[in-house]
Amino acid sequence: MTPPNASLVLVMVCFWATLWLVYRFLIRPVGAVLDDRQRRVDGAQREWAARNEEHRQALAKIEAEMHEAARDAAAQRAAARQQAMGRRQTALDAARAQADARLAEVLAGLDRDAAAARAELARRGSELARLLAGRLLGRELAS
């Protein structure tokens, strides 16, 4: 058996020295840059998730406030409509009562006029009957 060749040992030393240099100045810094990049990406994702959750909560709060405002507006509209309907009904009732009063007054006036006309007709009835009979007979009748 022959002893190992010195060039083999020298190649081995150069290999290990090169491996150490590559690891020390290339692999470790690139790995550190990749780790830093991954940490920044993870941090950005966590921050985005937190901001997105805040946005969703704010949006949900605003939508709830909008729904509440819409319900309040609907309730106010309904109350105003009810109030207006009450005023309308009151005005209609007053107008109806006024019309009924006026109608009763007019009917009473007509009844008075009819009674006066009947009384006048009854008063003048015998005179008119005498006059009519006289014209039919062609002569005047005595009272």
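The values are calculated or read from the model by the stated rules, or taken from the named source; none is laboratory data. What you see is a predicted model, and the numbers here were worked out from it, not measured in a lab. Heads up, the Cβs are rebuilt from the backbone with ideal geometry, glycines too, and the neighbour counts pull from every protein chain shown.
A single member of L121, L59 is out of contact with any Asp or Glu (no Cβ under 6 Å at 6 or more places or on another chain), among the aliphatic types (A, V, I, L, M) and modelled with pLDDT under 95, and it is L121. Close Cβ contacts (under 9 Å, 6 or more residues apart or on different chains) running from residues in the stretch 98-115 that are in a helix (DSSP H, G or I) to residues that are surrounded by 10 or more Cβ atoms within 10 Å (Cβ to Cβ) and among the hydrophobic types (A, V, I, L, M, F, W, C) are absent.
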